[in-house]
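Enquirer: Attaching a single structure in structure tokens format; questions to follow.
Read the figures in this text as sums done on the coordinates, not as results from a lab. Bear in mind that the values here come from a model prediction, so they are computed numbers and not experimental data. Here the Cβ positions follow ideal geometry from the backbone for every residue, glycine too, while neighbour counts run over all protein chains shown.
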């Protein structure tokens, strides 16, 4: 395979990420200036909680889309899509009934019902984006998801600036809901020609229980990889006041900007890496990992340079004190990710779902109280430092386990390895869990 298609996709996704980041950053500054840090913090708490709930709404089945839609018979693919739709509908109804009962009993304020409305929208956006990646159309599925949130917030900020209106806190979740609905409509319009043939065959087999078990094992890892910002906000909200939570949310927003470049590279290169692992082509996997490493660092360096040039101006414009130190502490998260690579992906592709689950669930169990106590003792800086430390510890453990179990290294040390990957040192002993078909270590690797 050539570098050009992957590089082109990465460049387009990086450009989209850049536009989304610019709009999101500008909208964040405008909203926190007009709403105030307290109202902004309350709004981000609702959105973060809805985002985490969205992972549970469809049972995280979208994490299996890359494998289920590229392997198996047409009937298996049809069964996966139909079961995913049924699980999303059922879980959405269950969450709505549960939150409605809590509100009716007076145990929670009425605004928590917004979580039940917003979570399914975010879940469907993510599922369609993953399906687009599996069907070799990552731009078609990912772009509406990337742009819907920042465009909605930018529109709200423009309305506030143009009319002099100070938005109340629930206007942000409401605008995100409308933007999400529009994004889903665009996804369905563009993905329909690719998805419709997959629904037609009669489903031959059912994998629902097995898929839910596998997807559930991935949820803790997903919290660290994709929803770490929301996890930190939710954890710190138990001890930080809304104003401190608003400052922490602003710092997390700008610290996450370099990570957007890494996401673009991973989306663009995931199909090639998965293909190399599936056919046990060690040379193809090695080249795809080197290619992803180079693109990750290229995007990271450009983003860090832009952040360094603009951070003082951002802090002055936001009118907050101590924002820059928070941002630089939190930028260690994308730096570690760029250095070590997406080790979770390699472990999951080789069938080590249980390894990822055990490592990340332990990180959450130990990390949540650490962030909570640090926020109580040292405020936003304590929460930021604890979050960065927990993320680094989990990432290092996963990297070490990946090297030992798969024989593959996606870190910067890959640049020093010219022959190890080509020797076919792939999966050694998959975890005893219902996962993808394990790779036979005795099978000869392709030259």
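Enquirer: Ignoring solvent entirely, what values of log10 I(q)/I(0) come out of the Debye formula for region 96-229 at 0.09, 0.13, 0.20 Å⁻¹ when each Cα is a single scatterer?
Expert: Taken in order of the listed q values, log10 I(q)/I(0) reads -0.38, -0.77, -1.29.
Enquirer: Still on this structure: Please find the FRET efficiency linking residue 185 to residue 415, where r is the Cβ-Cβ separation and R0 is fixed at 51 Å, and quote it to the nearest 0.05.
Expert: Computed FRET efficiency for residue 185 and residue 415: 0.70.
Enquirer: Using the Kirkwood formula on the Cα atoms of region 358-400, what hydrodynamic radius do you get, in angstrom to one decimal?
Expert: Computed over Cα pairs of region 358-400, the Kirkwood hydrodynamic radius comes out at 10.3 Å.
Enquirer: Which whole-number percent gives the relative contact order of region 195-312, counting Cα pairs below 8 Å spaced six or more residues apart?
Expert: Contact order relative to length: 20 percent.
Enquirer: Now, a different point. Which value results for Rg/Rh of region 124-189 when Rg is the Cα radius of gyration and Rh the Kirkwood radius based on the inverse mean 1/r?
Expert: 1.11
Enquirer: Roughly what angle does helix 208-225 make with the longest principal axis of the chain, taking Cα atoms, 0 to 90 degrees, to the nearest 10?
Expert: Taking Cα atoms only, the helix is inclined about 60 degrees.
Enquirer: Pairs of Cα atoms under 8 Å, at least six residues apart: use those to get the relative contact order of region 3-423, whole percent.
Expert: Once divided by the residue count of region 3-423, the mean separation gives 22 percent.
Enquirer: So what is the 222 nm mean residue ellipticity for the chain from helices alone, if each DSSP H run of at least 4 adds -39500 (n - 2.57) and you divide by all residues, rounding to the nearest 500 deg cm²/dmol?
Expert: It lands at -27000 deg cm²/dmol.
Enquirer: If you average over every viewing direction, what projected area does the convex hull of the Cα atoms of region 15-82 give, in nm²?
Expert: Convex hull of Cα atoms, orientation-averaged projection: 6.6 nm².
Enquirer: So what's the angle, to the nearest 10 degrees on a 0 to 90 scale, between helix 138-163 and the longest Cα principal axis of the chain?
Expert: Result, in degrees: 10.
Enquirer: Can you tell which of 325, 109, 369 shows the greatest fluctuation in a Gaussian network model of the chain with Cα springs below 10 Å?
Expert: Of the options given, 109 has the highest mean-square fluctuation.
Enquirer: Let me ask something else about it. How big is region 148-221 along each principal axis, measuring the range of its Cα positions in Å and listing the largest first?
Expert: 58, 33, 16
Enquirer: Another one. Taking the chain as the reference, fit the longest principal axis to its C-alpha atoms, fit the long axis of helix 113-134 to the helix C-alpha atoms, and give the angle between the two in degrees, 0 to 90, nearest 10.
Expert: 30 degrees
Enquirer: Which whole-angstrom value gives the distance between the alpha carbon centres of region 229-261 and region 135-199?
Expert: Here the answer is 21 Å between Cα centres.
Enquirer: Let me ask something else. Pairs of Cα atoms under 8 Å, at least six residues apart: use those to get the relative contact order of region 48-168, whole percent.
Expert: Here the relative contact order equals 31 percent.
Enquirer: Cα-Cα pairs above 37 Å in the chain: how many percent?
Expert: Value for the chain (Cα pairs over 37 Å): 22 percent.
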